[in-house]
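Below you'll find the structure, written out as structure tokens, and then a few comments.
The values are calculated or read from the model by the stated rules, or taken from the named source; none is laboratory data. Quick caveat, the model's predicted, so the values are computed rather than measured. Don't worry about glycine lacking a Cβ; one is built from the backbone with ideal geometry, like all the others, and counts go over all protein chains shown. Side chains are part of the model used for accessible areas, which takes the heavy atoms of the whole protein and leaves out ligands, DNA and RNA. Shrake-Rupley method; radii C 1.70, N 1.55, O 1.52, S 1.80 Å.
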Amino acid sequence: MTTQELISVEVFCMNNQIDTAFIYNLQQKGFIEIKTVDNIAFIPADTLAELEKIITLHFELDINMEGIETITYLLNQQQILQKEIAILKNRLRIYEDL
């Protein structure tokens, strides 16, 4: 992974006007992964969408960490079930075409 695929925690927090402690708390809870390069903490770019969703839940909707954990778990389960439904629909089409 190159540094071009990473966003500095400090820069991200400054741009989003949040405390860096919040990001490190999310890391401790297992919501996000933080990479360290040359003693500088970075957030992988591919996790930004999930991180921004969590920030919205916490700061705009005033949902605590336990609520965020529940919501993210349920959303992940929903995605898994949607993929499973798509697979089953594709299998069913095979039999409908016969």
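Set side by side, the residues Q17, Q79, Q28 differ, and just one is out of contact with any His (no Cβ under 9 Å at 6 or more places or on another chain) and modelled with pLDDT of 95 or more, which is Q79. Listed by first and then second residue, the pairs with beta-carbon distance under 8 Å, at least 6 apart or on different chains, first residue in the stretch 9-37 and among the basic types (K, R), second open to solvent by less than 100 Å² (accessible area, probe 1.4 Å) and assigned to a helix (DSSP H, G or I), are K29/M65.
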